[in-house]
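Notes follow the structure.
The values are calculated or read from the model by the stated rules, or taken from the named source; none is laboratory data. Since the structure is predicted, the reported quantities are computational estimates derived from the model, not experimental observations. Because the Cβ atoms are built from the backbone with ideal geometry, glycine has one as well, and the counts that use them run over all protein chains shown. All accessible areas refer to the heavy atoms of the entire protein, side chains included, with ligands and DNA or RNA removed. Shrake-Rupley method; radii C 1.70, N 1.55, O 1.52, S 1.80 Å.
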Amino acid sequence: MLAYSNMGTLCRTGVPPKWIGSTKPEWTPSRQQPASDFIVFLEPIRSAVHPLRQRCRNIVRDTPLDLIAESDEAWLEFLLETERQFSVASKEWWEDYEALRSAWTDVPKDPSSAVLPGERAKANSIRYQLGALSDISVIEWFSDAGFLPRYGFPIHLQRLSVRTPRVDRADKSTTAEGYRLERTSLLALSEYVPGAQVLVGGKVAESKGILKHWTEANRDEALGLNNWALRCSNGHDYLATSQDEQCKECGLPPQDAGQALMFPRFGYTTAAWDPPKPPGRNLDRVGEVVLTTAGGFTFNAATKTELNFGGITSLIATYYEAGQGQLLLRNAGGDAWSKVGYGFAVCTRCGFAMSEEKPSNPKSPPALPRKFTDHASVFSSNPMSRCWPNTLAYEPVLRHKVLAAKETTDVLILDLPVNFDEATLFSLGRALVLGRPYIRYPANTRRPVIRDFS
Ligand SMILES: [Zn+2]
Ligand SMILES: [Zn+2]
């Protein structure tokens with residue numbers, strides 16, 4: 001997955017140093033987007049006699065791209081189009097990076113001691129996000145953006161890592177080998193989120209947190225990538241890097257505080273102090289996965305639009321090819337039956353996470369549940385130990401994080417005529433759901449998710 005390195009290296013960006021003392025560390029990031037190595041690489045290839053053109057000839061023979069090797073103009077046009085699409089695919093990464101970079105710069109340099117812990121935690125949390133953004137592999141980013149093909153790449157697979165006490169030192173723990181628990185992000189979001197139980201090798205393992213990708217040497221590495229899910233008063237759902245960002249589709253401000261999202265990058269983990277045990281009762285599911293189209297930020301170029309689709313007056317069908325359509329999956333935790341979730345509290349030290357029990361309130365945050373403040377690190381096999389000492393002046397916790405994942409997919413949107421009544425709509429919905437098993441799909445493609453996105 002790192003054959004083309006990661007996005008931070010490709011874009012030659014950096015991450016600020018960690019803030020430890022009372023003054024914010026110096027960091028002067030370059031304000032300019034350097035020309036990407038890939039664009040530099042494309043330039044000499046434009047020459048009609050470049051050997052790469054000959055090598056492409058064999059690859060594209062008898063395909064719709066056959067033309068590019070035949071005429072000089074087509075070859076040049078192809079390379080310019082490649083460059084253009086590469087820039088489009090990089091744009092969103094740059095926007096995220098620049099938004100986070102200015103958020104870090106905006107944190108005051110020398111805050112008074114009263115607000116120091118809060119400001120420092122904020123800067124360090126932004127630093128985490130910059131790190132996570134930079135760590136995304138080039139393959140993953142550009143496959144998601146529809147620039148590279150994605151089939152065949154193990155993209156968005158997430159793991160439930162099972163921790164067990166070490167044989168030689170019972171107070172230490174290790175990742176248990178022999179459990180191969182991996183799911184696509186969609187399934188992981190419903191089956192592996194903290195609190196969920198999984199049947200494995202005849203035993204029940206309970207997910208206790210978000211997997212931090214770390215060793216002792218780089219313990220402050222990112223937990224995940226943070227974002228906001230907002231909705232404007234026109235009902236558009238969109239993703240943003242700040243809570244007051246305007247709707248990307250219509251420019252209206254968000255209608256409420258939205259949801260603070262966390263995209264777990266590496267998956268989930270059990271706790272060493274709670275090894276898999278024999279099954280006793282039904283498995284617990286946590287929260288509910290909510291699907292929405294991540295509209296406004298990739299839904300811009302329809303592949304095909306048909307009016308009066310299927311001979312029905314005013315029925316509009318719009319088709320978006322893979323790369324153009326993106327689904328946002330969310331799980332706000334809580335009880336799967338009550339369908340109310342307030343997000344998760346996540347320990348930034350060990351990744352331990354629990355569903356929040358009360359709604360978020362920025363003015364007076366609800367107290368953390370006792371079970372959370374007294375939790376043992378997921379890496380410790382002693383359930384009576386504490387993850388952080390009582391003397392710590394702040395709580396190393398991210399609050400009310402809604403766990404999320406993005407899926408790139410083909411999308412067909414049916415805009416129904418206004419005279420469709422509810423019964424007709426319901427019949428059509430049932431027909432699509434029932435018809436699904438009978439639709440034939442090419443090998444290696446995933447079956448579509450059929451949901452009413454209103
Ligand atoms: Zn809007
Ligand atoms: Zn912890």
Q.
I'd like the orientation of helix 422-435 relative to the chain: the angle between its Cα long axis and the longest Cα principal axis, in ° from 0 to 90, rounded to 10.
A. 90
Q) If one takes the longest principal axis of the Cα atoms in the chain, at what angle in degrees, from 0 to 90 and to the nearest 10, does the Cα axis of helix 116-135 lie? A) 40
**Q.** Heavy-atom accessible area per residue - the chain, 1.4 Å, Å²
**A.** 56
(Q) Please report the spacing between the Cα centers of region 278-292 and region 86-153 in Å, no decimals. (A) 31
Q: Return the aspartates and glutamates within reach of LYS363: Cα separation strictly under 18 angstrom, same-chain partners fewer than 8 residues apart disregarded; answer none if there are no such residues.
A: GLU119, ASP244, ASP256, GLU395
**Q.** Overall form of region 98-174 per C-alpha gyration tensor (a/c, 1.5; a/b vs b/c)
**A.** oblate
(Q) Quick check on packing: order 54-62, 376-384, 36-44 by the mean number of other C-beta atoms within 10 Å, highest mean leading. (A) 376-384, 36-44, 54-62
Q) Just the C-alpha atoms of the chain: what Rg/Rh do they give, with Rh taken as the Kirkwood radius? A) 0.99
Q. Once the Cα atoms of helix 72-106 and of the chain are each reduced to a long axis, what angle between those two axes, in degrees from 0 to 90 to the nearest 10, is obtained?
A. 20
Q.
If packing is taken as the average count of other Cβ atoms within 10 Å, what order do 388-400, 105-117, 193-205 fall into, highest mean first?
A. 193-205, 388-400, 105-117
Q: Could you run the Debye sum over the Cα atoms of region 7-144, one equal point scatterer each and no solvent, and tell me log10 of I(q)/I(0) at q = 0.17 Å⁻¹, two decimals?
A: -0.93
Q: Can you tell me the order of 401-408, 359-366 when each peptide is scored by its average per-residue count of other Cβ atoms within 10 angstrom, highest first?
A: 401-408, 359-366
Q) Considering the dipole of the chain built from charges on the beta carbon (Lys and Arg +1, Asp and Glu -1) around the Cα centre, which of MET7, THR409, HIS375 is farthest to its positive end? A) HIS375
**Q.** Student exercise, the chain dipole from Lys, Arg, Asp, Glu Cβ charges, in Debye to nearest 20
**A.** 1680
Q | By accessible area with a 1.4 Å probe, ligands and nucleic acids excluded, highest first: order of PHE344, PHE309, PHE263 | A | PHE309, PHE263, PHE344
Q) Do any of LYS172/LYS208; LYS18/LYS401; LYS212/LYS401; LYS172/LYS212 go past 19 Å between their Cα atoms, and which? A) LYS18/LYS401
Q: Report, to the nearest whole %, how much of the accessible area of region 7-144 belongs to carbon and sulfur atoms, 1.4 Å probe, protein only.
A: 57
